[in-house]
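See structure below.
A short reminder: the numbers here are calculations on the coordinates, not readings from a lab. Please read these numbers as outputs of a predicted model, since none were measured by experiment. We place every Cβ from the backbone using ideal geometry, glycine too, and count neighbours over all the protein chains shown.
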Amino acid sequence: MNVAALLDWYTAAQRPLPWRLEVSAYRTLVSELMCQQTRIDTVLPYFARFLAEFPTEAALAAAPTERVLELWSGLGYYSRARNLQKAAQAVVAQGGFPRTIEGLRALPGVGPYTAGAIASIAFGVDAPVVDGNVERVLARWYAEERPAKAWLWSTAESLLPSGQAGAYNQALMELGATVCTPRGPKCLVCPVREGCGGVGAPERYPAAKEKKAVPRSRAVAAWIVRDGAALLVRRPEGGLLGGLWELPGGEGADAAALAAVLRRRIGAAVAAAEARGDVAHTFSHLHLDTTVFAASLAEEPTLAEDVRWVALADIDGMALSTLARKTLRVAREAR
Ligand code: SF4
């Protein structure tokens, strides 16, 4: 592969992303964790808000976790936000970012890919990275239908121009994101077209991985409003969407299930419940269909740290998952 041509192309064609315009280990870490499983267009406003409030690892390390989750709210995969803060705390405790792959990999939430990205982009270490974009470019260029992980890493390393790892890694990723795209790659304008084994049938490489069937499940949620406030609950730490706020609810499909769930969760009987709409949401492991009820209670709920009346005007600023936001939209439309 003509790596010099790749680097020239990258210099001219790269998108002016905020973490490229001003480079630091902290900004690289935040951008890499935000971009995992998430489109760059979606990440951009989150990155700007996050950096405005937490401009340094010290600011992030000292922040309340609740506030970190609020700024992450809607990005999904919330363990990334928790790990990001834990990583910042570890960096502060060590007096700065480690500059080796091993040191970076010891930080919470930092795997081989993120460690390689920080080491090469922020510190100029000659370390390769392999993400989905790099995998696709290399698989096509070498016409490998089923490239093994070890082959991908060693191939990326063998092409790496010493002293230019940051630009090289980003160039390969950028090529995969903008030219050698999953569908409809633009081979005619590709800077590494010469010698590429994928030209003619690029989409053959790499072969599609078999998708696992995702199970479906049903849930119920209650919109309970009184005196300009709605009842919200916080999910337990550690589990799915841990620490985020949502309407009270749980597994089930009808008003009877809702009554049982609310008695368990908030210690109160339901006086009336009327279904107002359904919300479909897909996690990586589950399709969840949630029926939203407008409900009233026959008795006072048991309030606690994780069960609160929240003023209607304050709800949107809370740490809510995308599912909770969808549920709230249906609940409010029904008012
Ligand atoms: S020539 Fe086509 S298949 Fe080969 S790397 Fe470029 S875009 Fe991908």
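Summary table
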quantity: Cα centre as origin, Lys/Arg/Asp/Glu Cβ charges: the stretch 1-122 dipole, Debye; calculated: 120 debye
quantity: Net lengthening on full extension, VAL3/VAL92 (0.36 nm per residue, minus Cα-Cα); calculated: 28.3 nm
quantity: For the stretch 216-333, the Rg and Dmax computed from alpha carbons only, in angstrom; calculated: 13.0, 38
quantity: Restricting the stretch 97-175 to GluC sites (Glu not before Pro) in coil, as DSSP defines it, with at most 12 other Cβ within 10 Å; calculated: GLU145
quantity: P(r) histogram, all alpha-carbon pairs of the stretch 116-257 included - 5 Å bins from 0, percent; calculated: 2, 9, 13, 14, 11, 8, 7, 7, 9, 9, 7, 4, 1, 0
quantity: Span from the the stretch 251-291 Cα centroid across to the the stretch 106-122 one, whole angstrom; calculated: 40 Å
quantity: Within straight-line cross-link reach of LYS209, lysines at Cα separation under 18 Å, skipping those fewer than 8 residues along the same chain; calculated: LYS149
quantity: Computed E for LEU288/ARG332 - FRET, C-beta separation, R0 25 angstrom, nearest 0.05; calculated: 0.80
quantity: FRET efficiency estimate (nearest 0.05) - Cβ-Cβ, GLU53 to ASP278, R0 35 angstrom; calculated: 0.50
quantity: Spin-label model distance (nm) - ILE40 vs SER158, 7 Å beyond Cα toward Cβ; calculated: 2.8 nm
quantity: Positive-end extreme of charge dipole, the stretch 24-118 - chosen from LEU75, ALA106, ILE40 (charges on Cβ); calculated: ALA106
quantity: Surface/4 estimate of mean projected area, convex hull on alpha-carbon atoms of the chain, nm²; calculated: 18.9 nm²
quantity: For the stretch 27-149, convex hull of alpha carbons as volume per residue, Å³; calculated: 114 Å³
quantity: Unit charges on C-beta of K, R, D, E only; dipole of the chain, Debye; calculated: 500 debye
quantity: Relative contact order of the stretch 216-333, defined on C-alpha pairs under 8 angstrom at six or more residues apart (%); calculated: 34 percent
